Amino acid sequence: MSRFLSDRFAALTPYVPGEQPRDQRYIKLNTNESPYPPAIGVLEAVSRAEVSRLNLYSDPTARELESAIAAFYGVNAEQVMATNGSDEALAFCFQAFCDQKTGACFPDITYGFYEVFARLYGVPAKVIPLDEQFRVTPALYRGAGGTIFLANPNAPTGIALPLAAVEEIARQNPNTLLVVDEAYVDFGGESAVPLIGRYDNVLVVMTCSKSRNLAGGRVGFVLGSADVIRDLRKIKYSFNPYNLNRLSLLAGAAALRDEAYFRACVNTIMETRAWAARALGERGFEVLDSRTNFVFAKPVRLGGKAYYEGLKAAGVLVRHFDAPRVRDFVRISIGTPEEMRALLDATDRLWEEKRA
Ligand code: PMP
């Protein structure tokens, strides 16, 4: 730490992204990326001609991308704002809708960035426990007294909350904003987008990083009432009006327009998830019911950390969280069928070594 860092950040612990190793070729099942390339329209849109226009600023209104998002979800363009990945959307929500008086609340086991943003922006956080089966209990959010951040489906558990329960939270807390982070919703969850016309306190955050195969493009977006979106634009224009670069704006729009490819990728990943989860179950793993592009699984013959390390030595990267309640588990992203078979083979070898 230099002597110049603001005292506000002296105790800040930043978010730790999953490993992105450059030294060795791993089978990478650790950061929930899609194993499939972006839609063909993305490759065509990010053309040499567009690269040659990088001397000019990007469109701060993100008009083409926001229209493509609005068309896909059947909402008005005023109900949409595009962001530089959904992490930026979440940061804007903390800036716009949380302060000393209106804190933030979220489950004890959820996306780690909520806690980091709360600290970064000096927002008091109320942490609400998941139940024994890692499920959200809607009644515990009643009058919780801060903007609610719910990842649905949740990460790293993969468990989805039914739409009726999300609606119950919105209905019971009419003067509290409910931010539903739907990074993984396309893999079998129920989206809260239909609620945004009926509840002005519901905001949905989405990303092109997972189901639209564009993690490196950094394209996220928010859907909500026109008023709430206007508030978010106020923050964006006070922070970084050109938040999306020219190439990502085009890539995101092209990805949203290719619904057939999006559905095909999502369906393939869900099919792979089904048999991979079964195969892990047959090997004695406890596998939580996933509605995401990953499974959260507890290896019974090795601890979570030892299994993670054993796989890494075998060239397969998964994610282990050394935190209470989840340290016995690992989070395994769903890759191609070949990658999942390699994971299972490496697992079988580890079990053999353990027995020997
Ligand atoms: N929300 C959740 C629940 C996530 O797991 C992630 C991925 N790390 C994000 C948001 C952020 O994704 P991105 O910034 O790539 O859109």
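Laboratory data are not the source of any read-out in this text; all were calculated from the coordinates shown. Note that this is a predicted model, so its numbers are computed, not measured. FYI the Cβ positions are ideal-geometry reconstructions off the backbone, even for glycines, and counts take in every protein chain you see.
Size of region 1-97 from its Cα atoms: along the principal axes, largest to smallest, the extents are 46, 42, 32 Å.
The ellipsoid that matches the Cα gyration tensor of the chain has semi-axes, each √(5λ) in whole angstrom, of 32, 26, 21, with the longest given first. The residues packed around residue 354, meaning those with a beta-carbon under 14 Å from its beta-carbon, carry a net charge of 0 if Lys and Arg are +1 and Asp and Glu are -1. Look at the dipole of the chain built from charges on Cβ: of 144, 287, 103, the Cα furthest out on the positive end belongs to 103. Computed over the chain with a Gaussian network model linking Cα atoms closer than 10 Å, the most mobile of 115, 286, 33 is 286. Distances between placed amide hydrogens fall under 5 Å for residue 294 paired with 334, all partners being 5 or more residues away or on another chain.
Relative contact order for the chain: 23 percent, from Cα pairs under 8 Å spaced at least 6 residues apart, divided by residue count. Packing, as the average of other Cβ atoms within 10 Å across residues, places the peptides 101-107, 52-58 in the order 101-107, 52-58, highest first. Relative to the Cα centre, the charge distribution of region 55-208, modelled as +1 at Lys and Arg Cβ and -1 at Asp and Glu Cβ, gives a dipole magnitude of about 420 debye.
Roughly how many Å is it from the Cα centre of region 126-191 to that of region 272-298, as a whole number? Region 126-191 and region 272-298 have Cα centres separated by 22 Å. Note on the chain: Lys pairs 8 or more places apart or on different chains, Cα atoms under 15 Å apart, count 4. Of the trypsin sites (Lys or Arg not before Pro) in region 191-247, the ones in a loop by DSSP (not H, G, I, E or B) with at most 11 other beta carbons within 10 Å are 198. Taking 72, 262, 187 as the candidate residues, the one with maximal mean-square fluctuation in a Gaussian network model of the chain, Cα springs under 10 Å, is 72.
Cβ crowding within 10 Å ranks 239, 296 as 239, 296, fewest other Cβ atoms first.
Phi angles of region 21-32 translate, via the Karplus equation with coefficients 6.51, -1.76, 1.60 and θ = phi - 60°, into HN-Hα couplings of x, 10, 7, 8, 8, 9, 7, 9, 10, 10, 10, 6 Hz per residue; Gly and Pro are given as x.
Scoring 147-158, 10-21 by mean Cβ neighbours within 10 Å over their residues and listing the highest first yields 147-158, 10-21. Around the amide H of residue 303, modelled in the peptide plane, lies no amide H under 5 Å away from a residue 5 or more places distant or on another chain.
Magnitude of the charge dipole for the chain, about its Cα centre and with charges confined to Cβ atoms of Lys, Arg (+1) and Asp, Glu (-1), is about 580 debye. So which residue, out of 118, 164, 215, gets the largest mean-square fluctuation from a GNM of the chain using Cα contacts under 10 Å as springs? Evaluated over the chain, the most mobile residue of the options is 164.
Helix-only arithmetic for the chain: the sum of -39500 (n - 2.57) across DSSP H runs with n ≥ 4, divided by the residue total, places the mean residue ellipticity at 222 nm at -11000 deg cm²/dmol. Distance between the C-alpha centers of region 17-71 and region 195-257? Whole Å please. Their Cα centres are 14 Å away from one another.
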